[in-house]
Ligand code: NG1
């Protein structure tokens with residue numbers, strides 16, 4: 001049972017004054033599009049992270065998590081690894097506007113931290129909300145999202161803002177279509193007979209660690225593709241360059257995109273050191289083909305949800321996974337998981353989140369959900385679950 005308040009009381013000897021629930025998410029479709037300024041369609045789930053917090057007289061943060069039960073302190077220069085890296089990155093972001101303030105955090109949860117369900121963003125958003133309340137920082141929802149995004153970019157990868165946005169703004173029973181260029185969002189009702197099963201591939205995707213280089217290479221490649229197309233179209237692709245600015249490029253222009261080294265790509269995009277992560281030759285054509293086709297699938301998926309058309313949604317998910325295989329985000333174990341789900345009767349299945357291991361989702365009828373879940377479990381070792389559309393982060397204050 002999740003009980004961060006009890007952990008807070010045990011470790012720190014007093015009851016918390018704020019308790020935050022920050023959910024995970026599955027992404028229904030729109031993968032590797034957010035950092036290109038293009039839309040996504042994620043759904044918050046009920047599983048998440050709970051943070052119990054209190055203000056402390058001592059400046060800085062002391063935090064404990066049921067992930068490993070170690071105590072992390074921002075004052076005694078503790079290790080920046082695993083969950084602690086995100087907590088300390090949040091303090092780096094918002095600490096300067098709360099000089100001299102201190103807090104104790106106890107962290108618990110039921111969200112697997114194996115990659116793809118947004119455990120890092122649930123933690124980052126939850127910490128921002130807890131500190132915002134404790135220290136009276138009056139951050140707006142946009143301010144909360146912005147602080148969490150900046151913290152995660154400093155701690156891990158050059159990611160987009162999909163996860164922090166849906167975790168902050170989701171509504172129960174709905175997915176969230178998010179646009180980034182310019183920013184906007186709308187809540188999309190998820191029909192009751194669309195059942196989503198989430199299954200684990202058996203391989204962790206450590207984007208704070210080993211998978212960071214693979215992810216950042218894809219970001220750099222998309223920026224270089226945007227820069228080349230923008231030059232041909234005679235326009236500005238933005239800083240950094242984004243494929244959202246060149247979505248009207250012709251199929252011939254996209255097919256003619258070159259391959260180049262990470263150094264060339266970085267020189268062309270005004271690189272923010274991403275090239276240090278990138279290896280080998282970057283294929284600009286496969287990048288633009290995936291990203292621009294995936295953006296079109298997001299709009300089609302929104303229509304399929306609105307029409308209650310499960311078959312159309314399933315086809316879009318399958319097309320998304322096939323495109324992600326070419327893009328370089330899938331793995332053998334994710335492919336096996338997706339195939340097992342389809343063979344068990346799923347209408348569609350795809351990896352969710354960044355890929356490189358982690359989790360996949362399948363869409364099924366209510367009747368087939370158990371069989372699909374069992375098939376996914378047989379690969380991922382018993383962790384599969386039916387994901388239901390939950391609301392965004394919530395918090396409560398304990399009056400003393
Ligand atoms: P996951 O796999 O949940 O870390 C990452 C990025 C998203 C998005 C997806 C791919 C972060 C925090 N998350 O998600 O912004 O780019 O990959 O669609 O950077």
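Checked against the criterion of being part of a helix (DSSP H, G or I), within 13 Å of the ligand (Cβ to nearest atom) and in contact (Cβ under 8 Å) with a residue 40 or more places away in the chain, the range 192-202 has no qualifying residue. Taken over the range 331-353, the residue count meeting the criterion of being crowded, with 24+ Cβ neighbours inside 10 Å and within 23 Å of residue 285 (Cα to Cα) is 4.
Regarding residue 62, is this residue in contact with a strand residue (DSSP E or B) (Cβ under 8 Å, 6 or more places away or on another chain), more than 16 Å from the ligand (Cβ to nearest atom), in a strand (DSSP E or B) and in contact (Cβ under 8 Å) with a residue 60 or more places away in the chain?
Details: in contact with a strand residue (DSSP E or B) (Cβ under 8 Å, 6 or more places away or on another chain): yes; more than 16 Å from the ligand (Cβ to nearest atom): yes; in a strand (DSSP E or B): yes; in contact (Cβ under 8 Å) with a residue 60 or more places away in the chain: no.
Answer is no for this residue.
Checking each residue in the range 334-356 for being out of contact with any helix residue (DSSP H, G or I) (no Cβ under 7 Å at 6 or more places or on another chain), within 15 Å of the ligand (Cβ to nearest atom) and either modelled with pLDDT under 95 or at negative phi (or both) picks out 334, 352.
Only one of the numbered conditions (1) within 15 Å of the ligand (Cβ to nearest atom); (2) not in a loop (DSSP other than H, G, I, E, B) is not met by residue 373, and that is (1). As a summary of the residue check, residue 125 satisfies the conditions (1) within 18 Å of the chain's Cα centre (by Cα); (2) in contact (Cβ under 8 Å) with a residue 60 or more places away in the chain; (3) surrounded by fewer than 21 Cβ atoms within 10 Å (Cβ to Cβ) except for the one numbered (3). Reported count of residues in the range 131-147, each being surrounded by fewer than 21 Cβ atoms within 10 Å (Cβ to Cβ) and within 16 Å of the ligand (Cβ to nearest atom), is 1. Of the numbered criteria (1) at pLDDT 95 or above; (2) out of contact with any strand residue (DSSP E or B) (no Cβ under 8 Å at 6 or more places or on another chain); (3) more than 30 Å from residue 344 (Cβ to Cβ), the one residue 165 fails is (2).
Considered as a group, the residues in the range 105-122 that are buried (at least 24 other Cβ atoms within 10 Å of the Cβ) and more than 16 Å from the ligand (Cβ to nearest atom) include one that is nearest to residue 356 (Cα to Cα), and that residue is 107. Counting the residues of the range 148-179 that are surrounded by fewer than 16 Cβ atoms within 10 Å (Cβ to Cβ) and within 13 Å of the ligand (Cβ to nearest atom) gives 1.
Can you name every residue in the range 360-372 that is farther than 11 Å from residue 194 by Cβ and surrounded by fewer than 22 Cβ atoms within 10 Å (Cβ to Cβ)? 367, 368, 370, 371 - these are the residues of the range 360-372 that are farther than 11 Å from residue 194 by Cβ and surrounded by fewer than 22 Cβ atoms within 10 Å (Cβ to Cβ).
Number of residues in the range 3-27 that are within 12 Å of the chain's Cα centre (by Cα) and more than 10 Å from the ligand (Cβ to nearest atom): the value is 1.
Among the residues of the range 376-400, the ones that are more than 20 Å from residue 313 (Cβ to Cβ) and part of a strand (DSSP E or B) come to 4 in all.
The set of residues in the range 180-212 that are at pLDDT below 90 and surrounded by fewer than 16 Cβ atoms within 10 Å (Cβ to Cβ) comprises 209, 210. Which one is surrounded by the fewest Cβ atoms within 10 Å (Cβ to Cβ), of the residues in the range 28-41 that are more than 9 Å from the ligand (Cβ to nearest atom) and either without any contact (Cβ under 8 Å) to a residue 60 or more places away in the chain or part of a strand (DSSP E or B) (or both)? For the range 28-41, the residue satisfying everything is 41. Can we say residue 100 is outside any strand (DSSP E or B), more than 16 Å from the ligand (Cβ to nearest atom) and either touching a residue at least 12 places away in the same chain (Cβ under 8 Å) or surrounded by 24 or more Cβ atoms within 10 Å (Cβ to Cβ) (or both)? It is true that residue 100 is outside any strand (DSSP E or B), more than 16 Å from the ligand (Cβ to nearest atom) and either touching a residue at least 12 places away in the same chain (Cβ under 8 Å) or surrounded by 24 or more Cβ atoms within 10 Å (Cβ to Cβ) (or both). Taking the range 357-370 as the range and being within 16 Å of the ligand (Cβ to nearest atom) and out of contact with any strand residue (DSSP E or B) (no Cβ under 6 Å at 6 or more places or on another chain) as the test, the residues that pass are 357, 358. Mind telling me which of the residues 39, 23 ends up being within 19 Å of residue 132 (Cα to Cα) and at pLDDT 95 or above? Of the residues listed, the single one that is within 19 Å of residue 132 (Cα to Cα) and at pLDDT 95 or above is 23. Condition first: at pLDDT below 95 and within 16 Å of the ligand (Cβ to nearest atom). Can you find one or more residues in the range 280-294 that meet it? No, because not a single residue in the range 280-294 is at pLDDT below 95 and within 16 Å of the ligand (Cβ to nearest atom).
The values are calculated or read from the model by the stated rules, or taken from the named source; none is laboratory data. These figures come from a predicted structure and were not determined experimentally. A quick note on method: Cβ atoms are made from the backbone with ideal geometry, for glycine too, and the neighbour counts reach across all protein chains shown.
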